Amino acid sequence: MRILNALFCTLDASGFTPWLRGKDGRDLGIRVGGQSVPLRLERSERSRTGKKTNRGIMADPLCFDILVSSGSEEARNSWSDVEDGRIERQLRNIAVEIIVAGEIQYRKSVRAHYDWKVKRKAQLEECARQRQAELERQERERKARIEKERIDRLMSRAVCPHDFAEIRLRLVSYSFSSRRAFS
């Protein structure tokens, strides 16, 4: 508890927010900016044998981990009590690594958000392109339908071969003038 208290007080004084959750208070971490850095402090599984402290009391070695993500068992960084140094002497390095881990997470989240925005923009541009192509196709079909109706109307008015020749001449001249308009 002293280790967590010292670490949390130091980081809280620097503007970072410590948190504890869960029934036993075993889910803990520090809020660095907008990022949550999960932590774990427990008895070391590496060495289950106790050590003699300067007071003559046997104590199990502790292990402090900065976890990759909340609920994860994978540690990003890890410290433990060793023969020549205890975790309490490493609190400055631990605090710095917690802040660095928060910054790394922040940069990853910013990059992921940027990548998502680029991908989303490409999707929206593709949808707009497809929508424009569909509108152009519908417009071509509408013009073709109007042209067909005009031809059918002219053909229905024709009653003699002379009229067919005149209609054919009109269609050719119309077709020629419409091609020039598109050129």
Pair Ser36, Tyr106: separation of 7 Å Cα→Cβ label points (nm): 1.8 nm
Backbone HN-Hα couplings from phi across the stretch 131-143 [Karplus 6.51/-1.76/1.60, Hz, Gly and Pro as x]: 5, 5, 4, 5, 5, 5, 4, 4, 5, 4, 5, 4, 5
Karplus-derived HN-Hα couplings along the stretch 99-105 (A = 6.51, B = -1.76, C = 1.60, θ = phi - 60°), whole Hz, x at Gly and Pro: 5, 5, 4, x, 5, 4, 4
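Would you mind calculating the gained length between Thr10 and Arg26 on full extension (0.36 nm times residue separation, minus the Cα-Cα distance), in nm to one decimal?
3.8 nm is the gain from fully extending Thr10 to Arg26.
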Backbone HN-Hα couplings from phi across the stretch 8-24 [Karplus 6.51/-1.76/1.60, Hz, Gly and Pro as x]: 5, 5, 5, 5, 5, 5, 8, x, 9, 10, x, 9, 10, 9, x, 5, 9
Sites Leu171 and Glu136, calculated FRET efficiency, Cβ-Cβ separation with R0 22 Å, nearest 0.05: 0.30
Distant-in-sequence amide H partners of Ser80 (H built 1.01 Å from N, under 5 Å): Phe64
Using a Förster distance of 41 Å, the FRET efficiency for Gln123-Arg43 (Cβ separation, nearest 0.05): 0.25
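For Glu73 and Thr17, calculate 0.36 nm times their separation in residues minus their Cα-Cα distance, and state this gained length in nm to one decimal.
On the way: separation 56, 0.36 × 56 = 20.16 nm, distance 2.22 nm.
So the chain would gain 17.9 nm between Glu73 and Thr17.
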Amide H partners (placed H, <5 Å) of Val37, local residues excluded: Ile30, Arg31, Val32
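Values in this text are rule-based calculations from the coordinates and carry no lab data. What you are looking at is a predicted structure, and each value in this text was computed from that prediction instead of being measured. Here the Cβ is made from the backbone with ideal geometry for all residues, glycine too, and neighbour counts use every protein chain on show.
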